[in-house]
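The values are calculated or read from the model by the stated rules, or taken from the named source; none is laboratory data. Remember, it's a predicted structure, so these values are computed and weren't measured experimentally. Note that each Cβ is placed from the backbone with ideal geometry, even for glycine, and that neighbours are counted across all protein chains shown. Surface accessibility is based on the protein's heavy atoms, side chains included, excluding ligands, DNA and RNA. Shrake-Rupley method; radii C 1.70, N 1.55, O 1.52, S 1.80 Å.
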Amino acid sequence: ERDEERRYAAFGLLKDLLPGLDNLQRALDAGRHSDDLAALLQGVEMVAAQIDEIIGRHGAQPIASVGEPFDPNRHEAIQQMPSADHPPMTVIEEVERGYTLFDRVLRPSKVIVSVAPPKPSDEDS
């Protein structure tokens, strides 16, 4: 019975995701037959919102990133960028959204983190 339960554990999630996949396919089909990029973008945005809602119902939540202090438990820094507008070690851009599943990190956010800008040298004066 446990083997059966493990085997079909993803059943509910996958069943819930199928309408989003169907809508994504419809958006792709419409994009192939139309030059209206604004409508295509709107359709894809609606599908993304639908998928976010579905995974949220299953316990997955996006990790807050931009403007937050860098947290190596929740963020993966893929680049550092000098910034005078942000304190060092602040997430200034999210490259790939991360998610938690209840209290565990499902996937860390891939982010760009601020570092202090280089100080002008005496030669630059």
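Checking I112 against (1) over 23 Å from D16 (Cα atoms); (2) open to solvent by 50 Å² or more (accessible area, probe 1.4 Å), which test does it fail?
(2)
Could you tell me whether the range 46-58 includes any residue that is in contact with a Ser or Thr (Cβ under 7 Å, 6 or more places away or on another chain) and open to solvent by 50 Å² or more (accessible area, probe 1.4 Å)? Steps first, please.
Filtering the range 46-58 down to residues in contact with a Ser or Thr (Cβ under 7 Å, 6 or more places away or on another chain) leaves none.
For the range 46-58, residues in contact with a Ser or Thr (Cβ under 7 Å, 6 or more places away or on another chain) and open to solvent by 50 Å² or more (accessible area, probe 1.4 Å): absent.
Against the condition under 25 Å from V105 (Cα atoms), open to solvent by 60 Å² or more (accessible area, probe 1.4 Å) and either touching a residue at least 60 places away in the same chain (Cβ under 8 Å) or among the acidic types (D, E) (or both), how does D16 come out, does it pass? Give the steps one after another, and end with the answer.
Details: under 25 Å from V105 (Cα atoms): yes; open to solvent by 60 Å² or more (accessible area, probe 1.4 Å): no; either touching a residue at least 60 places away in the same chain (Cβ under 8 Å) or among the acidic types (D, E) (or both): yes.
Spelling it out, it is not the case that D16 is under 25 Å from V105 (Cα atoms), open to solvent by 60 Å² or more (accessible area, probe 1.4 Å) and either touching a residue at least 60 places away in the same chain (Cβ under 8 Å) or among the acidic types (D, E) (or both).
Are there strands (runs of 3 or more DSSP E) fully within the range 20-125 with at least 2 residues that are closer than 30 Å to A10 by Cα, in contact (Cβ under 8 Å) with a residue 24 or more places away in the chain and of a type in the set (S, T, Y)? List them. Reasoning before the result, please.
Working: elements: 60-62, 75-82, 91-96, 99-101, 104-107, 109-115.
The strands (runs of 3 or more DSSP E) meeting that bar are 99-101.
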